[in-house]
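Enquirer: My questions all concern the structure below.
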Amino acid sequence: MAGVTTEKRARARPLSPHLQIYRPMINMVMSILHRITGAALYVGTLLLAWWLLAAATGPSYFDFVNGLFSTWFGMIVLLGYSWALILHLLGGIRHFIWDTGAGFDIGTVDLLGWGTLVLSVLLTAALWIYIASQRGWFSAWL
């Protein structure tokens, strides 16, 4: 038994290509973003529920919560929540199109991916421009 070791050698296993090998494609990026925004919407919906509960609790607590959301950090959170909501909605529409059996060729997949991303940014910008105009935020610059 001389020379026998109890140490097991690791077998050489084939490596599966991962992000180091594959070039990121728009459908891969949109799949990842769809999952991330879905998870972020849970947190944002809890914040929305907190705001609604504060409104039901009373004016002083509502003013406190509303004051938190009106800080610069709160506005960034609301901007991110609205973008995540719009991107996730458009991603759901993209998946609905695929559920009908349409749009599986590479050109259409790429078009739907880029369209989802660009349209989500444009719709979020349009929403916040509308909010800013309704709240009079532009009057300070004019």
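None of the figures in this text is laboratory data; all of them are computed from the coordinates on show. Please read these numbers as outputs of a predicted model, since none were measured by experiment. Ideal geometry is used to build each Cβ from the backbone, glycine not excepted, and the neighbour counts take in all protein chains shown.
Enquirer: Once you charge only the Cβ atoms, +1 for Lys and Arg and -1 for Asp and Glu, what is the size of the charge dipole of the chain about its Cα centre, to the nearest 20 debye?
Expert: Charge dipole of the chain: 600 debye, to the nearest 20.
Enquirer: Using alpha carbons only, how many angstrom separate the centre of the stretch 29-69 from the centre of the stretch 85-142?
Expert: Centre-to-centre distance over Cα atoms comes out at 20 Å.
Enquirer: I'd like to know which of Gly115, His34, Gly80 lies farthest towards the positive end of the charge dipole of the chain, counting +1 on Cβ of Lys and Arg and -1 on Cβ of Asp and Glu.
Expert: His34
Enquirer: Hey, another quick one. Lys/Arg Cβ at +1, Asp/Glu Cβ at -1, dipole of the chain taken about the Cα centre: which of Leu52, Gly92, Ala140 is farthest positive-ward?
Expert: The residue sitting farthest along the positive end of the dipole is Gly92.
Enquirer: Considering the values [x] 37; [y] 51; [z] 63, which represents percent of Cα pairs over 21 Å apart as calculated for the structure under consideration?
Expert: Among [x] 37; [y] 51; [z] 63, the one calculated here is [z].
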